[in-house]
Amino acid sequence: LRVDYGWLWIERQGARPTAADWPALDAPVTLAIPGDAALADGWRVAARLLARAALPADWAQAAQPRLAYLDAARLGASALLRARQRGDWLVPLGMIGRQKVSDLLINARAPAACRERLPLLTVQGQVAWVLGVRSDQRYAVTEHTEQVCALRVWREGEGDHD
């Protein structure tokens, strides 16, 4: 028996919880930039490079949790997708000051059973994006950004993802 944000779940003991709306990861994965990678449970993530001038007109206003635009120069040629670790933190995009990833996930109402498998995009140990939740201000696109990395996460079988 599990209670999670107003839901009561009855499951087999030891069953691995799933949540169709939350990306999942079983083991660390390196993501080439540009490139794409398979995650767990049919999830995928893709990184595409584009000039800052090629960003959609509403890129900064259209908040989409499964899409992030980051400064490609800050990311480098690859990033590591991994599960959260004790002490992980980020500076949430648009905010001042750092926040623990665990607190960010609670505030985003990520199901408790899915938090341990939610992928984090990391660069040299720093969290750049909590997939499906929020990116880090330190990797934000600024007026000095020349090349943008557009990151998208989707579940296979869903609609358009490119």
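The values are calculated or read from the model by the stated rules, or taken from the named source; none is laboratory data. Source: prediction; values computed, not measured. Because the Cβ atoms are built from the backbone with ideal geometry, glycine has one as well, and the counts that use them run over all protein chains shown. For the accessible areas, the whole protein counts, side chains as well, though only heavy atoms, and no ligand, DNA or RNA atoms are used. Shrake-Rupley method; radii C 1.70, N 1.55, O 1.52, S 1.80 Å.
When segment 122-141 is filtered for residues that are in a loop (DSSP other than H, G, I, E, B) and under 19 Å from Ile33 (Cα atoms), the ones remaining, listed by number, are Gln124, Gly125, Leu131, Gly132, Val141. Any residue in segment 101-124 that is touching a residue at least 60 places away in the same chain (Cβ under 8 Å) and touching a helix residue (DSSP H, G or I) at 6+ places or on another chain (Cβ under 6 Å)? The answer is no; no qualifying residue exists.
Looking at segment 109-142, which of the residues that are among the charged types (D, E, K, R) and closer than 15 Å to Asp88 by Cβ is least open to solvent (accessible area, probe 1.4 Å)?
So, considering only residues that are among the charged types (D, E, K, R) and closer than 15 Å to Asp88 by Cβ, the one least open to solvent (accessible area, probe 1.4 Å) is Asp136.
Consider Trp154 carefully, then state whether it is within 16 Å of Ile33 (Cα to Cα), touching a residue at least 60 places away in the same chain (Cβ under 8 Å) and not in a loop (DSSP other than H, G, I, E, B). Criteria not met by Trp154. Take the conditions (1) acidic (Asp, Glu); (2) exposed (fewer than 12 other Cβ atoms within 10 Å of the Cβ); (3) touching a residue at least 60 places away in the same chain (Cβ under 8 Å); Asp58 misses just one of them, which is (3). Is there a residue being of a type in the set (Lys, Arg) and not in a helix (DSSP H, G or I) anywhere in segment 106-121? Yes, some residue in segment 106-121 is of a type in the set (Lys, Arg) and not in a helix (DSSP H, G or I). Do we have Arg155 as touching a Gly at 6+ places or on another chain (Cβ under 6 Å) and either open to solvent by less than 70 Å² (accessible area, probe 1.4 Å) or polar (S, T, N, Q) (or both) here? So Arg155 fits the description; yes. Each residue in segment 71-97 was checked for being among the polar types (S, T, N, Q) and under 26 Å from Glu146 (Cα atoms), and 1 of them qualify.
Here is a yes/no grid of residues against (1) in a loop (DSSP other than H, G, I, E, B); (2) touching a Pro at 6+ places or on another chain (Cβ under 9 Å); (3) in contact (Cβ under 8 Å) with a residue 60 or more places away in the chain:
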site	(1), (2), (3)
Trp22	yes, yes, yes
Asp26	yes, no, yes
Asp36	no, no, no
Ala46	no, yes, yes
